[in-house]
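*Asks:* Let me give you the structure first, and then I'll get to my questions.
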Amino acid sequence: MPTIHQQLRSAEAHLGAADPVMGGLIERYGPCGLATRKRDPFHVLCASIISQQLSSRAADTIQARIMSTVGASRQLQPQLLLAAEPEALRAAGLSWSKVKWIRHLAEATDSGTLDFRVLKRMDDESAIRTLDALPGIGRWTAEMFLMFAMHRLDLFAMDDVGLRRGVNQLYGKGRALSDRRTLQITQKWAPYRTVASWYLWRVADPETQTWN
């Protein structure tokens with residue numbers, strides 16, 4: 001089985017051969033940095049819930065407070081969150097809805113109802129449906145999780161504003177393309193649509209430094 005880094009190099013070669021526009025992006029931005037960090041799946045999902053409808057700065061502040069509150073040194077863990085009083089999580093900055101969602105996630109993970117090893121063996125759509133069924137986690141969050149935490153390499157999030165903006169800019173001369181046309185464009189990137197997405201995000205938001 002090739003390593004994730006070997007798969008990314010294969011993806012870059014495939015995308016460059018299949019689409020000259022994508023080839024230009026690869027030349028411009030260099031190797032895909034999707035897998036430069038190993039991510040704990042539970043921590044990533046917690047962070048996704050915490051950050052909803054918040055600026056990056058506010059989300060980082062609240063996450064740091066929660067980690068301090070529950071005694072997490074490096075990453076959030078189910079047992080630590082379950083041991084914390086809901087009122088303490090609320091005092092750290094979470095809304096009551098997010099307190100409920102993050103505790104539900106901790107309970108599901110701790111009990112084995114949500115098993116990341118099982119999730120890893122599922123196909124993309126089955127994994128998305130499993131995650132989407134959890135309170136506070138919708139399809140977009142599930143797709144981002146699979147892309148960045150589980151390195152699923154053939155996903156394109158149709159509802160992601162940045163991705164659609166990148167496609168419109170590169171393939172529609174700035175005009176908004178239909179879902180049908182967007183899907184036609186993305187088909188040529190299979191089976192590496194996640195890697196293509198990484199480059200599209202760089203186009204849509206070049207100032208952001210967290211594309212890995």
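*Asks:* Could you look through the stretch 47-73, keep only residues that are surrounded by fewer than 14 Cβ atoms within 10 Å (Cβ to Cβ) and in a loop (DSSP other than H, G, I, E, B), and pick out the one that is farthest from the chain's Cα centre (by Cα)?
*Replies:* That would be G71.
*Asks:* When the residues of the stretch 16-40 are filtered to those that are aliphatic (A, V, I, L, M) and touching a helix residue (DSSP H, G or I) at 6+ places or on another chain (Cβ under 9 Å), which remaining residue is nearest to V203 (Cα to Cα)? Talk me through it step by step, then tell me what you get.
*Replies:* Residues of the stretch 16-40 aliphatic (A, V, I, L, M): 17-18, 21-22, 25-26, 34-35.
When the remaining residues are screened for being touching a helix residue (DSSP H, G or I) at 6+ places or on another chain (Cβ under 9 Å), the result is 17, 21-22, 25-26, 34-35.
Details: A17: 19, V21: 12, M22: 11, L25: 8, I26: 11, L34: 15, A35: 19 Å.
Per the stated criteria, the residue is L25.
*Asks:* If a residue has to be in a helix (DSSP H, G or I), of a type in the set (D, E) and either touching a Phe, Trp or Tyr at 6+ places or on another chain (Cβ under 9 Å) or buried (at least 17 other Cβ atoms within 10 Å of the Cβ) (or both) to count, how many in the stretch 1-30 make the cut?
*Replies:* Taking the stretch 1-30 first, the residues in a helix (DSSP H, G or I) are 4-18, 20-29.
After this cut, where a residue has to be of a type in the set (D, E) as well, the list is 12, 27.
Okay, now just the ones that are also either touching a Phe, Trp or Tyr at 6+ places or on another chain (Cβ under 9 Å) or buried (at least 17 other Cβ atoms within 10 Å of the Cβ) (or both), so 12.
Final tally of qualifying residues: 1.
*Asks:* Out of the stretch 74-103, which residues are part of a loop (DSSP other than H, G, I, E, B) and either modelled with pLDDT under 95 or not hydroxyl-bearing (S, T, Y) (or both)?
*Replies:* Going residue by residue through the stretch 74-103, those that are part of a loop (DSSP other than H, G, I, E, B) are 74-77, 84-85, 92-95.
If the condition is that a residue be part of a loop (DSSP other than H, G, I, E, B) and either modelled with pLDDT under 95 or not hydroxyl-bearing (S, T, Y) (or both), then R74, Q75, L76, Q77, A84, E85, A92, G93, L94 are the ones that fit.
*Asks:* Tell me which residues, restricted to the stretch 169-212, are more than 19 Å from G16 (Cβ to Cβ), buried (at least 18 other Cβ atoms within 10 Å of the Cβ) and at pLDDT 95 or above.
*Replies:* T182 - this is the single residue of the stretch 169-212 that is more than 19 Å from G16 (Cβ to Cβ), buried (at least 18 other Cβ atoms within 10 Å of the Cβ) and at pLDDT 95 or above.
*Asks:* Of these, L119, L114, which one is closer than 17 Å to A142 by Cα, modelled with pLDDT of 95 or more and part of a loop (DSSP other than H, G, I, E, B)?
*Replies:* L114
*Asks:* If you don't mind, there's one more thing I want to ask. Limited to the stretch 139-156, what total is found for residues that are in contact with an Asp or Glu (Cβ under 6 Å, 6 or more places away or on another chain) and either free of Cβ contacts under 8 Å to residues at least 24 places away in the same chain or acidic (D, E) (or both)?
*Replies:* 3
*Asks:* In this structure, does G33 turn out to be touching a residue at least 12 places away in the same chain (Cβ under 8 Å), more than 21 Å from the chain's Cα centre (by Cα) and not in a helix (DSSP H, G or I)?
*Replies:* Values: touching a residue at least 12 places away in the same chain (Cβ under 8 Å): yes; more than 21 Å from the chain's Cα centre (by Cα): no; not in a helix (DSSP H, G or I): yes.
No.
*Asks:* Is it fair to say D179 is over 19 Å from D205 (Cβ atoms), free of Cβ contacts under 8 Å to residues at least 24 places away in the same chain and of a type in the set (D, E, K, R)? Steps first, please.
*Replies:* Values: over 19 Å from D205 (Cβ atoms): yes; free of Cβ contacts under 8 Å to residues at least 24 places away in the same chain: yes; of a type in the set (D, E, K, R): yes.
In short, yes.
The values are calculated or read from the model by the stated rules, or taken from the named source; none is laboratory data. Keep in mind that this is a model prediction, so the values were computed, not measured. We place every Cβ from the backbone using ideal geometry, glycine too, and count neighbours over all the protein chains shown.
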